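Here is the structure we will look at.
FYI, it's all coordinate maths here, none of it is from the lab. Because the structure is predicted, anything quoted here is derived from the model rather than measured. Heads up, the Cβs are rebuilt from the backbone with ideal geometry, glycines too, and the neighbour counts pull from every protein chain shown.
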Amino acid sequence: MIEVINLTKTHGAITAVDQVSFMAPAGSVTGLLGPNGAGKSSVMRIICDLDRADSGTATVCGRRYREHPFPMRVIGAQFEGSGAHPSRRAIDHLRWITRVNRLPGTRITEVLELVDLQPRDWKRRVREYSLGMQQRLGIAVALLGNPDVVIVDEPANGLDPIGMQWLRGLLTGLARDGKTVLMSSHLMSETEIIADRVVLMDRSRVIGEGLVNNLVQVHGSLEQAFFTHLEQSRQMRMRTGAHQ
């Protein structure tokens, strides 16, 4: 489970995350949904201790990321493609990570097959990979420790229609196995298919959240639900600004 409480993060005069709170339960896919620049990646980076919040807390399975003795066995995260050096072979990248994190080497083949990278590609340099293949390699890294919590940032970037179908099956399958899955996306129709629940974000704030089925039942689609909440949020900001 992931629990985020009143997270705030600023970069100088820019507020990247503004009093964000939500919970991502085990056994479900939770989507952080919003346009580019909404603050989704910033929240995820704080959860994974890649960035530090000015205030608020973010815990995974009851602890901060850095408090877990072997974090990759609890939390697996994928940001911006593979994270591998372009000149490194994919299999060597995974070998290095398993050794550093004291993970079993047998897990390497398992995750490469799980993300559907073909054996002929395992020894290719990462610079030879397409964007979609790099996304798959990044997800393989996230799954190396067989973690209870999986965090993926815009995982659909670079994937073709076959890759998108594979991604749906992978993430929903992880949730069925009891894992907590948190994914960010700006693709509303795809998120409607994959996610069980969503946290709607705009301009660094949460503007709404709920079960996808409930939101679709009320608004007709997840896209319409987002824009309804967006309009309500912006009207609220205008009224608040007028009263100050």
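Condition first: over 26 Å from Leu222 (Cα atoms) and surrounded by 20 or more Cβ atoms within 10 Å (Cβ to Cβ). Can you find one or more residues in the stretch 8-17 that meet it? Within the stretch 8-17, one or more residues are over 26 Å from Leu222 (Cα atoms) and surrounded by 20 or more Cβ atoms within 10 Å (Cβ to Cβ). The set of residues in the stretch 153-212 being part of a helix (DSSP H, G or I), small (Gly, Ala, Ser) and under 23 Å from Val74 (Cα atoms) consists of Gly169, Gly173, Ala175.
Of note, Leu137 satisfies the criterion of being buried (at least 16 other Cβ atoms within 10 Å of the Cβ), more than 25 Å from Met1 (Cβ to Cβ) and either of a type in the set (S, T, N, Q) or touching a residue at least 40 places away in the same chain (Cβ under 8 Å) (or both). So, Ser233, is that one of a type in the set (Ser, Thr, Tyr), under 30 Å from Leu170 (Cα atoms) and free of Cβ contacts under 8 Å to residues at least 60 places away in the same chain or not? Criteria not met by Ser233.
Hey, any hits in the stretch 88-96 for a residue that's assigned to a loop (DSSP other than H, G, I, E, B), closer than 21 Å to Leu144 by Cβ and without any contact (Cβ under 8 Å) to a residue 24 or more places away in the chain?
Among the residues of the stretch 88-96, not one is assigned to a loop (DSSP other than H, G, I, E, B), closer than 21 Å to Leu144 by Cβ and without any contact (Cβ under 8 Å) to a residue 24 or more places away in the chain, which makes the answer no.
Please find, within the stretch 69-79, the residue that is farthest from Gln134 (Cα to Cα) out of those that are outside any strand (DSSP E or B) and touching a strand residue (DSSP E or B) at 6+ places or on another chain (Cβ under 7 Å).
First pass over the stretch 69-79, keeping only residues outside any strand (DSSP E or B): 69-74, 79.
Remaining after also requiring touching a strand residue (DSSP E or B) at 6+ places or on another chain (Cβ under 7 Å): 74, 79.
Details: Val74: 23, Phe79: 11 Å.
Taking the candidates together, the pick is Val74.
Which residue, of Gly132, Gly169, is over 25 Å from Ile46 (Cβ atoms) and out of contact with any Leu (no Cβ under 9 Å at 6 or more places or on another chain)?
On the way: Gly132 fails: out of contact with any Leu (no Cβ under 9 Å at 6 or more places or on another chain).
Result of the check over Gly132, Gly169: Gly169.
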